[in-house]
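Q: There's a structure below that I have some questions on.
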Amino acid sequence: RAGENPLEAVGGVMFTLATRHDLNTLKDVQHSKIAVCSKNCMEAYHLTFEMFVDAGLTPPSENKIMFLGLPQDTVVKAVLSQRADVGFINAGVLERMHIEKLIDMTRLKIINRQDLTGFPYAVSTHLYPQWPLIAMNQTEATDARRLAAALLQIEANSALSNSLGIYGFTIPSSYASID
């Protein structure tokens, strides 16, 4: 969700201090000290690195990356305290921290900002479908259909969806672009 609105896509955001006039483009970031939560984070790590490849640039080398773990707030704090030059996090983290009065967004700037109509957060990457549910080959087809039907019946703003912190489920989107 983005507030009360369904959010079917995810993306990553690359940011630095607003006072860093030397960091404005992907090329500027290539050799910077970068903070990220984990190699396992699709939005904060994989999608952000994809932007370098798409631009024909070599992604930053691993010796320039600090893996800080969760929560992603630690990445934001590392940039604010100047322990890192640039942070890679999930889109929406900065806005949440700002709403919670944990940060002042005016102290930060977004690198490689994408203007994506209808997406409510600052984002530096392409958007991808969010939270897939996948049936493995060994799953009985009947069980997979029953599970899909049950998930699609979860109503928005119901006790169940609210307890799960989700809006609900929808028909799957294509993940072909990240295969």
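Q: Would you calculate a helix-derived [θ] at 222 nm for the chain, using -39,500 (n - 2.57) for each DSSP H run of n ≥ 4 and dividing by the full residue count, to the nearest 500?
A: Helix contribution divided over all residues of the chain: -6500 deg cm²/dmol.
Q: What dipole magnitude, in Debye to the nearest 20, does segment 1-58 give about its Cα centre under +1 on Lys/Arg Cβ and -1 on Asp/Glu Cβ?
A: 240
Q: From the Cα gyration tensor of segment 45-87, with a ≥ b ≥ c the square roots of its eigenvalues, which class applies: rounded if a/c is under 1.5, or else prolate if a/b is larger than b/c, or else oblate?
A: Prolate is the answer for segment 45-87, as a/c is 1.5 or above and a/b outweighs b/c.
Q: Could you tell me what percent of the accessible area of the chain is made up of carbon and sulfur, with a 1.4 Å probe and every protein chain present?
A: Looking at the chain in its full context, I get 53 percent from C and S.
Q: To continue, here is another question. For the chain, what does the accessible surface come to per residue with a 1.4 Å probe? Please give it in Å².
A: The answer is 59 Å² per residue.
Q: Now a separate question. Beta carbons within 10 angstrom, averaged per residue: use that to sort the peptides 110-116, 84-90, highest first.
A: Packing proxy ranking, top to bottom: 84-90, 110-116.
Q: What shape does segment 119-167 take by its C-alpha gyration tensor, where a ≥ b ≥ c are the square roots of the eigenvalues and a/c under 1.5 counts as rounded, a/b above b/c as prolate, and the rest as oblate?
A: The shape class here is oblate.
Q: How many lysine pairs does the chain hold where the Cα atoms are under 17 Å apart and the two sit 8 or more places apart or on different chains?
A: Taking the Cα cut-off of 17 Å, the pair count is 8.
Q: Answer with a single label: of (i) 11.8; (ii) 15.7; (iii) 9.9, which was calculated as mean projected area of the Cα convex hull in nm² from the structure in view?
A: (i)
Q: Further question on the same structure: Rounded to the nearest 20 Debye, what is the dipole magnitude of segment 66-179 about its Cα centre when Lys and Arg each give +1 and Asp and Glu each give -1 at the C-beta?
A: Computed charge dipole of segment 66-179: roughly 300 debye.
Q: Could you tell me which of rounded, prolate or oblate describes segment 27-120, using a ≥ b ≥ c as the square roots of the eigenvalues of the alpha-carbon gyration tensor, with rounded for a/c under 1.5 and, failing that, prolate when a/b is larger than b/c and oblate otherwise?
A: Since a/c reaches 1.5 but b/c is at least a/b, the shape of segment 27-120 is classed as oblate.
The values are calculated or read from the model by the stated rules, or taken from the named source; none is laboratory data. Here the structure is a predicted model, which is why all the values come from computation and not from measurement. Positions of Cβ are generated from backbone atoms using ideal geometry, with glycine treated the same way; all protein chains shown enter the neighbour counts. Surface accessibility is based on the protein's heavy atoms, side chains included, excluding ligands, DNA and RNA. Shrake-Rupley method; radii C 1.70, N 1.55, O 1.52, S 1.80 Å.
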